[in-house]
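Participant: Got a structure here, written out as structure tokens. Questions coming.
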Amino acid sequence: MSSRDYILGRVRWSLGRGAFERDSCQQLEARLNTPQSNLIPKRGQGDAKAQLSLFVKMATEVNATVSRLKALENVPKAVAKYLKEQELDATVRLADHPELQKLDWSKLDASTGFSTGDDLVGVVMAYAGAAETGSLALRSGADSPTTLNFLPDYHIVVLKAADLVGDYEAVYARLRRESNKTDFMPRTLSWVTGPSRTADIEQTLLLGAHGPRKLHILVIEDNGEAS
Amino acid sequence: MKLNAHNFKENAAKALKDEDLQASLAKLGTGFPLKRLAAAARLPEFEALRDQARDIKDHTLRHLDFYLEKFECKVQETGGHVHWARDIEDGRKIVYDICESVGAKTVTKGKSMIGEEMAINEYLEEKGLIPVETDLGEYIIQLRNEPPSHIIAPAIHLRKSHVEEAFRKTHTELPPERNLDEPEDLLKEARAMLRKKFIAADVGITGANFMIAETGSTVIVTNEGNGDLTQTLPRVHIVLCSIEKMVPNLEDCATLLRVLARSATGQEQSVYTTFSTGPKQMDDPDGPDQFHVVILDNGRSRMLGHDTHDMLRCIRCSACINHCPVYQSVGGHAYGSIYPGPMGSVLTPAIYGLEQSCDLPNASTMCGKCEEVCPVRIPIPQMLRSWREKQWEDGPVPILQRLAMSVWAFWAVRPKAYHFGAKIKMRLLGLLGRKNGHFKSLLFSKAWTKSRDFPAPEGKTFQQLWSEKGGRRS
Amino acid sequence: MSGEEKNVGLFVTCLVDLFRPTVAFAAVKLMSEAGCSICVPERQTCCGQPAFNSGDRHDARKMAEMVIEEFEKFDYVVAPSGSCAAMIKKHYPELFSDQADWHKRALDLSRKTYELMSFLTDVLDVKEVETTLNRKVTYHDSCSGLRELGIKDQPRTLMNAVEGLDLVEGENAERCCGFGGTFCLKYSDISTRIADDKCDDILKTEADMVLGGDLGCLMNIAGRLTRRGETVEVRHVAEVLAGMCDDVAPISRKG
């Protein structure tokens with residue numbers, strides 16, 4: 001007998017012994033294919049303004065820094081300013097994202113693509129943000145390499161306020177909505193809540209364990225549609 | 001790892017005298033619990049979320065066969081592979097075969113309790129591979145060649161001087177005069193050393209906090225980002241998980257995530273929660289070419305529908321461990337199992353057998369704190385008791401203990417004789433103890449009087465006095 | 001109080017019967033003053049918890065059967081102990097889950113069983129106690145009472161009604177004292193270590209008296225405190241509420 005059959009057989013046998021009430025296959029299929037949200041905390045359910053201020057508050061609490069920008073066009077300037085404050089060279093690695101690529105990066109030494117570990121600063125677009133815990137949703141794809149989220153020391157993430165939602169469930173709903181196939185998940189979907197940290201040595205909290213030491217979020221308040 | 005649970009008493013005695021350990025435990029006892037309390041207080045829905053988290057896991061376990069098959073199907077649809085491992089041997093072999101098939105030499109590892117259960121590092125090393133733990137705590141204990149002492153803070157028993165010592169011994173290519181006084185210095189060195197390993201690795205092995213049947217995704221929750229580097233950089237990503245890590249939908253996972261970090265470290269959310277679905281997709285600039293999920297049973301299917309069924313709801317947050325007065329006193333190594341504390345005392349006998357670990361279900365005051373803080377409301381004391389019952393029925397119980405209980409029970413159901421005997425004994429004890437109000441030592445009660453005075457009785461029993469007073473009897 | 005006198009069966013508990021009868025007399029006094037008629041069946045010894053927690057279901061059942069037979073005739077059953085009351089209230093039904101007739105009788109008994117503090121406040125609605133104690137007091141919440149029966153506010157309500165009593169809370173009032181029934185004998189060293197934490201927490205409050213609702217915990221705490229040479233007094237809360245502190249020396253101390 002294969003291990004697969006052995007395990008599934010054991011599971012069925014044990015469940016039978018437990019005499020549990022079982023839902024019908026139809027009920028189970030329905031539960032699986034039309035996902036329902038469970039209880040969603042109220043805290044993220046305010047209007048757009050409340051969500052933004054909650055997001056900023058929660059992200060800041062976990063040691064991220066946040067700048068609010070009027071327009072997407074201001075991103076390169078804001079990045080340059082941040083690098084200067086951090087006393088870094090003006091060198092950045094950009095995700096190959098159309099909205100980032102159309103910006104004027106001429107004042108910085110900017111290159112594009114995934115990271116192999118030699119980049120100090122990565123700039124990426126967030127897929128979404130969830131106000132309830134100040135978390136960013138970052139998805140892998142041609143326009144969004146995962147390595148840029150974890151290898152550079154400085155993680156700069158651009159989040160359009162229009163992509164900010166109250167809770168995680170809203171992001172899953174959007175993923176399903178935007179995909180026309182059943183495999184709507186990207187290879188990697190990461191929720192990022194603050195910069196990397198560890199407390200493994202004497203329970204002392206230290207930032208920048210293996211991932212980024214700093215997380216800087218640029219929130220674009222007018223969604224970049226006009227400036 | 002090799003189980004060392006039968007030495008619990010000796011291990012515990014040693015732990016109680018270990019000053020470094022006691023200092024670490026004192027910090028743990030005030031750290032995590034207070035943070036959990038604050039996080040729970042901040043979220044008005046926390047208790048309701050715990051109820052739902054329990055119900056989600058209950059539902060999933062009741063239909064585990066259905067969800068396992070759905071999950072398998074979805075992983076395959078998204079280009080990944082599912083491997084079934086009935087026991088540790090099975091699991092190790094699967095992992096090694098995958099490594100061998102791609103000619104792997106070095107392997108990075110994210111934190112995985114299933115990896116610990118399989119002792120996968122040991123096995124891969126025997127086979128000539130070089131596995132490197134990348135979670136900082138796991139890395140430290142790997143260098144020291146010891147098991148974890150806590151399921152989410154594996155090196156919690158160590159002081160920084162231990163870490164320094166391990167680094168100086170291992171990182172011999174670095175200048176010996178370098179400064180490693182502070183945790184910051186140690187982290188900096190570990191980060192630099194491990195960065196090279198991440199980039200060089202052929203295979204990355206991670207655990208999984210959840211499997212999602214709907215999407216065929218596995219989920220890891222970390223704070224360091226090591227898990228993400230482990231699963232993104234190498235060509236092959238292997239996920240080690242066990243059958244009960246299943247949840248139906250992303251929404252169910254969201255609910256569990258809302259109680260996981262808050263219960264564990266008191267964080268609102270861990271820093272990185274990453275869903276992996278299949279290997280890298282067509283346009284992806286990075287990510288692994290292969291995605292393998294190894295699903296381990298190792299005794300769990302036997303727990304379903306049985307006394308310890310509810311234990312399979314466990315999401316490994318460690319709240320029960322952090323709050324347990326016994327764990328806080330002796331630390332994780334005393335338990336001699338990779339799963340310490342209350343959850344471990346239920347799980348270890350189920351996985352390794354009761355004969356090997358019969359102290360564990362008994363080493364609890366049954367104070368119930370574990371159940372009080374469990375995010376999925378597992379009735380841990382009840383399950384510890386069910387192991388004790390099993391042990392009483394057909395397991396090893398010290399003969400004196402069995403005898404003592406039988407004697408007690410014999411008299412207890414014979415009230416007349418009991419009261420008569422009690423009257424005489426208490427009278428005597430009362431007289432003898434009158435001078436001090438207590439006894440410094442007493443025949444047959446060294447276990448008590450070794451460290452505690454034994455309070456003297458008033459002298460007459462209540463039953464005796466009630467009769468003397470002519471109190472109401474019916 | 002209104003209506004008829006309540007017919008209460010007092011489950012004395014083995015420790016109170018043997019070591020500290022004053023606690024039972026205090027319970028009788030408090031309940032009688034609140035309009036109850038107290039009966040103490042002679043046919044009672046132990047609730048069976050030590051056997052139950054040791055995994056000895058057979059002996060636990062034998063003891064439980066005796067308690068059910070003897071106490072099911074009362075309107076209420078009250079024990080001056082959270083852990084014995086929880087055994088009857090929570091675990092008896094569990095113990096007979098596979099025996100329909102006994103299960104029903106266990107459930108019926110469960111419904112009318114109370115721990116003393118809970119009975120006084122939740123059922124009898126006692127708010128006043130006529131006694132004075134000019135002491136700084138701290139309270140230890142015993143695990144079973146707290147977590148299995150939800151007893152937290154009840155003893156505090158009553159203690160706060162005692163004139164002159166100054167209640168100071170320990171930071172870890174809810175933490176286990178390390179007693180744990182047979183645990184304290186089987187794992188004596190660990191038990192002592194936990195008891196030391198409890199003693200430290202008590203000393204930090206600078207209270208001169210510790211009260212609690214379970215004699216097992218109190219004997220453990222008192223035994224450790226006197227061994228350490230501390231002078232903090234340990235008593236069952238009922239002794240204080242009934243104004244019976246002068247009748248008996250603190251636990252583990254000479255009169």
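Participant: Any lysines with Cα under 18 Å of the B:Lys70 Cα? List them, leaving off those in the same chain fewer than 8 positions away.
Facilitator: Partners within reach: A:Lys181, B:Lys57, B:Lys245.
Participant: Using the Kirkwood radius over Cα pairs, work out the Stokes-Einstein diffusion coefficient for segment B:350-474 at 20 °C and 1.002 mPa s, in µm²/s as a whole number.
Facilitator: The estimated diffusion coefficient comes to 117 µm²/s.
Participant: Among residues other than B:Gln401 whose Cβ falls under 12 Å from its Cβ, what is the net charge (Lys/Arg +1, Asp/Glu -1)?
Facilitator: Taking every other residue near B:Gln401 into account, the sum is +2.
Participant: If amide hydrogens are placed 1.01 Å from N in the peptide plane, which non-local residues have theirs closer than 5 Å to the one on B:Gly331?
Facilitator: The answer is none.
Participant: Considering amide H positions built from the backbone, and no H for Pro or chain starts, which residues 5 or more places from B:Ile205, or on another chain, come under 5 Å of its amide H?
Facilitator: Amide H neighbours of B:Ile205, under 5 Å, 5+ apart: B:Thr108, B:Lys109, B:Gly110, B:Ile238.
Participant: Magnitude of the Cβ-charge dipole of segment A:35-220, K/R +1 and D/E -1, about the Cα centre, nearest 20 debye?
Facilitator: I would put it at about 580 debye.
Participant: Over 18 Å between Cα atoms: which of A:Lys57/B:Lys27; B:Lys369/C:Lys198; B:Lys27/B:Lys188; B:Lys446/C:Lys186; B:Lys105/B:Lys188 fall into that group?
Facilitator: A:Lys57/B:Lys27; B:Lys27/B:Lys188; B:Lys105/B:Lys188
Participant: Another question about this same structure. Going by average Cβ neighbours within 10 Å, how do the peptides B:136-146, A:189-199, C:212-222 rank, with the highest at the top?
Facilitator: Going by the mean number of other Cβ atoms within 10 Å, highest first, we get C:212-222, A:189-199, B:136-146.
Participant: What's the average, rounded to a whole number, of partner chain beta-carbon atoms within 10 Å of each residue's beta-carbon in B:458-471?
Facilitator: So the per-residue partner count for this stretch is 5.
Participant: Right, here's the next one. Can you work out the base-10 log of I(q)/I(0) for segment C:6-122 at q = 0.16 1/Å, using the Debye formula on its C-alpha atoms alone?
Facilitator: Rounded to two decimals, the profile gives -0.67.
Participant: How would you order B:319-332, B:455-468, C:194-207 from highest to lowest mean count of nearby Cβ atoms within 10 Å?
Facilitator: The most tightly packed comes first, giving B:319-332, B:455-468, C:194-207.
Participant: While we're looking at this one, here's another question. For segment B:410-469, what is the accessible area per residue in Å² when the probe is 1.4 Å?
Facilitator: Computed with neighbouring chains in place, this is 60 Å² per residue.
Participant: OK, next. If R₀ is 41 angstrom, what is the calculated FRET efficiency for the pair B:Leu3 and C:Lys204, using the beta carbon separation as r and rounding to 0.05?
Facilitator: It comes to 0.55.
Participant: Continuing with this model, one more query. Can you list residues from other chains, or at least 5 along the same chain, whose modelled amide H is less than 5 Å from the amide H of B:Asp286?
Facilitator: A:Thr146
Participant: Could you give the length gained by full extension between B:Ile130 and B:Ala26, i.e. 0.36 nm per residue of separation minus their alpha carbon distance, to one decimal place?
Facilitator: Answer, rounded to one decimal: 33.9 nm.
Participant: If you plug each phi of segment B:232-238 into the Karplus form 6.51 cos²θ - 1.76 cosθ + 1.60 with θ = phi - 60°, what whole-Hz ³J(HN,Hα) values come out, in order, with x for Gly and Pro?
Facilitator: Values per residue, Gly and Pro as x: 9, 7, x, 6, 10, 10, 10 Hz.
Participant: For a quick protection proxy, order the peptides B:39-52, B:220-233, B:70-83 by their average other-Cβ count within 10 Å, most packed first.
Facilitator: Output ranking for B:39-52, B:220-233, B:70-83: B:220-233, B:70-83, B:39-52.
Participant: Sequence gap at least 6, Cα distance under 8 Å: using those rules, report the relative contact order of chain C to the nearest whole percent.
Facilitator: It rounds to 18 percent for chain C.
Participant: Using only Cα atoms, what is the ratio of the radius of gyration of segment A:35-220 to 2.2 N^0.38 Å?
Facilitator: This ratio for segment A:35-220 stands at 1.02.
Participant: So how compact is segment B:410-469: Cα radius of gyration and Dmax in angstrom?
Facilitator: Cα-based Rg and Dmax for segment B:410-469 come out at 13.0, 38 Å.
Participant: Return, for the Cα atoms of segment B:117-261, the radius of gyration and Dmax in Å, separated by a comma.
Facilitator: In Å, with Rg to one decimal and Dmax whole: 16.9, 54.
Participant: Straight-line reach from C:Lys152: which aspartates and glutamates have a Cα under 15 Å away, not including same-chain ones fewer than 8 places off?
Facilitator: Within reach: B:Glu372, C:Glu115, C:Asp122, C:Asp141, C:Glu169, C:Glu171, C:Glu174, C:Asp214.
Participant: Please compute, for peptide B:381-393, the average count of beta-carbon atoms on other protein chains lying within 10 Å of each residue's beta-carbon.
Facilitator: The shielding value for this peptide is 4.
Participant: Divide by every residue of chain B the summed helix terms, -39500 (n - 2.57) for each DSSP H run of at least 4, and state the resulting mean residue ellipticity at 222 nm, rounded to the nearest 500 deg cm²/dmol.
Facilitator: Taking each H run of at least 4 residues, the total per residue is -15500 deg cm²/dmol.
Participant: Continuing with the same structure: Report Rg/Rh for segment C:128-247, rounded to two decimals, where Rg is the Cα radius of gyration and Rh the Kirkwood radius.
Facilitator: So for segment C:128-247, dividing Rg by the Kirkwood Rh gives 0.96.
Participant: Another question about this same structure. Any idea what Rg and Dmax come out to for chain B if you just take the C-alpha atoms, in Å?
Facilitator: Considering chain B through its Cα atoms, Rg and Dmax are 26.1, 92 Å.
Participant: Let me ask another. Roughly what would the spin-label model give for B:Arg178 and C:Asp122, points 7 Å off Cα along C-beta, in nm?
Facilitator: 6.1 nm
Participant: Taking a Cβ-Cβ separation under 4.7 Å as the criterion for a possible partner, which cysteines of chain B have none?
Facilitator: Taking the Cβ cut-off of 4.7 Å, the unpaired cysteines of chain B are B:Cys73, B:Cys99, B:Cys241, B:Cys253, B:Cys314, B:Cys317, B:Cys324, B:Cys358, B:Cys374.
Participant: In nm, to one decimal, how far is the modelled label at C:Asn7 from the one at C:Leu185, with both set 7 Å along Cα→Cβ?
Facilitator: Between C:Asn7 and C:Leu185, the simple spin-label model gives 3.7 nm.
Participant: What is the local net charge at B:Lys440, summed over the other residues whose Cβ is closer than 12 Å to its Cβ (Lys, Arg +1; Asp, Glu -1)?
Facilitator: Net local charge, B:Lys440 excluded: +4.
Participant: Work through the residues other than B:Gln142 whose Cβ is under 12 Å from its Cβ and net out their charges, Lys, Arg +1 and Asp, Glu -1.
Facilitator: In short, -3.
Participant: Sticking with this structure for a sec: Between B:Met193 and B:Trp411, what's the calculated FRET efficiency when r is the beta-carbon distance and R0 is 45 Å? Round to 0.05.
Facilitator: FRET efficiency, B:Met193 to B:Trp411: 0.10.
Participant: Under 20 Å between alpha carbons, and skipping anything fewer than 8 positions from A:Lys77 in its own chain: which lysines qualify?
Facilitator: Qualifying lysines at Cα under 20 Å: A:Lys102, A:Lys107, A:Lys160, A:Lys214.
Participant: Inside 10 Å of the C-beta atoms of B:314-323, what's the mean count of C-beta atoms belonging to other chains?
Facilitator: Rounded to a whole number, the mean comes out at 0.
Participant: Quick check on the protein assembly as shown: what are the equivalent-ellipsoid semi-axes from the Cα gyration tensor, as sqrt(5λ), descending, whole Å?
Facilitator: Semi-axes (√(5λ), whole Å): 56, 29, 28.
Participant: Moving to a separate point now. Taking every pair of alpha-carbon atoms in segment B:339-399, what share in percent sits in each 5 Å bin, from 0 to the bin with the longest distance?
Facilitator: Cα pair-distance distribution for segment B:339-399, in percent: 4, 20, 33, 23, 14, 5, 2, 0.
Participant: If I fit a long axis through the Cα atoms of helix B:380-394 and take the longest principal axis of the Cα atoms of chain B, what angle between them do I get, 0 to 90°, rounded to 10?
Facilitator: Here the helix axis deviates by roughly 70 degrees.
Participant: Roughly how big is the B-C contact, given as buried accessible area in Å² (both sides, 1.4 Å probe, nearest 100)?
Facilitator: Summed over both sides, the interface buries about 6000 Å².
Participant: Suppose only helical runs count, i.e. DSSP H with n ≥ 4. What mean residue ellipticity at 222 nm does that imply for chain C under -39500 (n - 2.57) per run, divided by all residues and rounded to the nearest 500 deg cm²/dmol?
Facilitator: Computed mean residue ellipticity for chain C: -12000 deg cm²/dmol.
Participant: Return the FRET efficiency for the residue pair C:Ser37, C:Thr131: r is the Cβ-Cβ distance, R0 is 30 Å, and the value is rounded to the nearest 0.05.
Facilitator: 0.85
Participant: Related question: Between A:Lys84 and A:Arg12, what length in nm is gained on full extension when 0.36 nm per residue of separation is reduced by their alpha carbon distance?
Facilitator: Result: 19.7 nm gained on full extension.
Participant: Now a separate question. With θ set to phi - 60° and the Karplus curve 6.51 cos²θ - 1.76 cosθ + 1.60, what are the ³J(HN,Hα) couplings of segment B:63-76 in order, to the nearest whole Hz, using x for Gly and Pro?
Facilitator: 10, 5, 4, 4, 6, 4, 5, 4, 4, 4, 4, 6, 4, 5
Participant: Size of the dipole of the protein assembly as shown about the Cα centre, Lys and Arg at +1 and Asp and Glu at -1 on the beta carbon, nothing else charged, in debye to 20?
Facilitator: It comes to approximately 2520 debye.
Participant: Also, I was wondering about something else. For segment A:116-168, what is the per residue volume of the convex hull drawn over the alpha-carbon atoms, in cubic angstrom?
Facilitator: Enclosed volume per residue, from the Cα hull, is 75 Å³.
Participant: Whole-Hz ³J(HN,Hα) for each residue in segment C:9-18, computed from phi via Karplus 6.51 cos²θ - 1.76 cosθ + 1.60 with θ = phi - 60°, x for glycine and proline: what do you get?
Facilitator: x, 8, 8, 5, 6, 5, 5, 5, 4, 7
The values are calculated or read from the model by the stated rules, or taken from the named source; none is laboratory data. Quantities reported herein were computed from a predicted structural model and do not represent experimental measurements. Glycine gets a Cβ as well: all are built from the backbone with ideal geometry, and neighbour counts include every protein chain shown. For accessibility, only protein heavy atoms count, side chains too; no ligands or nucleic acids. Shrake-Rupley method; radii C 1.70, N 1.55, O 1.52, S 1.80 Å.
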